[in-house]
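Asks: Submitted below is the structure of interest, expressed as structure tokens.
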Amino acid sequence: MKRIVSLAIVVLFFINFIGCAGLQPADLTTPKARGTFVNNTYHAIWNDYQTYAQYANLSEDAKDLLRAKRTIIANMHIGVSVFNGHVQTGTITDAAFQAILDKLLEIQLNWYMVRSSAWYLSEDVSDDKLRKLIWEAGLVSGTSAQTDPLFMGVLLELLRTGVQALRQLMAQRGLDEVEMAAAYNESLVKFQSLKVTDLIIIP
């Protein structure tokens, strides 16, 4: 378990280094596509935490990981709220989206450590298949050459380590502008229903 935690720290350090270097994603599509993805993924992660936090007889390692996950989820709530403000005004920046994805990945890595035999890490889920889903869901546009490879790498890693993110990506694929707007509004209502004080505290 300690080796897994150490690996996660190294991965997150690398991701944070990329962000600090100012390397941003390029040619991303609509704010509402981004907002829908973030809100629904965050909501699913929230529900997932609440489910596992209620389990009896959790190991001490699992408790430590879930406590870390709770801290990230709670701290991220304000960031997602601010992010939604920019989505609604259409002023969201690539840097803000990258930062949100980094945080989602941080949560998902913790989730993966608790459930290490996840099916979505299978070799059958290729990067090419994930890239196709990413484009069809409206998170990026054009060809891979038009998308920052470092940003794409973070997004691919998020999808590989998080079934919630992958499910959301598949759910919003192919939505037109009107459908995406409706999906965003629904996702915003779900996000706004979440209260940090309701997150279970693990003793």
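A short reminder: the numbers here are calculations on the coordinates, not readings from a lab. As the structure is a computational prediction, the values presented were derived from the model and not from experiment.
Asks: Enumerate the lysines that LYS63 could reach by cross-link, defined here as Cα to Cα under 29 Å, with residues fewer than 8 away along the same chain left out.
Replies: Hits, sequence-local ones excluded: LYS2, LYS103, LYS190, LYS195.
Asks: For segment 69-79, just list the computed ³J(HN,Hα) in residue order, Karplus coefficients 6.51, -1.76 and 1.60, θ = phi - 60°, integers in Hz, with x standing in for Gly and Pro.
Replies: Rounded to whole hertz, the list is 5, 4, 4, 5, 4, 5, 5, 6, 4, 5, x.
Asks: Excluding residues fewer than 8 places away in the same chain, name every one of the lysines whose C-alpha is closer than 22 Å to that of LYS132.
Replies: Cα-Cα hits under 22 Å: LYS32.
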